[in-house]
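Novice: Sharing a structure with you now.
Read-outs throughout are calculated quantities, based only on the coordinates presented, and are distinct from any laboratory measurement. A quick note: this is a predicted structure, and the numbers were derived from the prediction, not measured.
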Amino acid sequence: MWDRKHSPSPHKLQDPVRVTIEKPVLDKPEKFSGCDMKPTFAAWRARVGNYLKYYKTTYVKETDKIAFVGNQMSGNAEEWYEARAAQLKQQNKEDDWKSFASAIET
């Protein structure tokens, strides 16, 4: 006779199959220099915003977002970013996303 407590079930269920679908990798937005206007600021800002939304689990902390955006700058834009960071450091302040996003628009 079959003992339920000690014998394997004659109709053992198989483990469920787990399927992992990886998100496609997005290219980083090209750097914005502020000099030649290619890409335009509006287009660059939109690409950077879309990139940050897509990778929202990667860029959770405000400082990570700011660092990423700063890394996507070159030329005059990079000089602005570095000057802002130096000014805040001199004032013993830490940048936050809301202030940074507002400052980048002006």
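Novice: Treating the angle as unsigned and between 0 and 90°, give the value, to the nearest 10°, between the Cα long axis of helix 62-71 and the longest Cα principal axis of the chain.
Specialist: Here the helix axis deviates by roughly 60 degrees.
Novice: From the gyration tensor of the Cα coordinates in the chain, what semi-axes in whole Å does the equivalent ellipsoid have, largest first, with each one equal to sqrt(5λ)?
Specialist: The answer is 51, 18, 9 Å, longest axis first.
Novice: Still on this structure: Amide H to amide H, which residues 5 or more places from Met73 or on other chains are under 5 Å from it, using H placed in the peptide plane?
Specialist: Phe32
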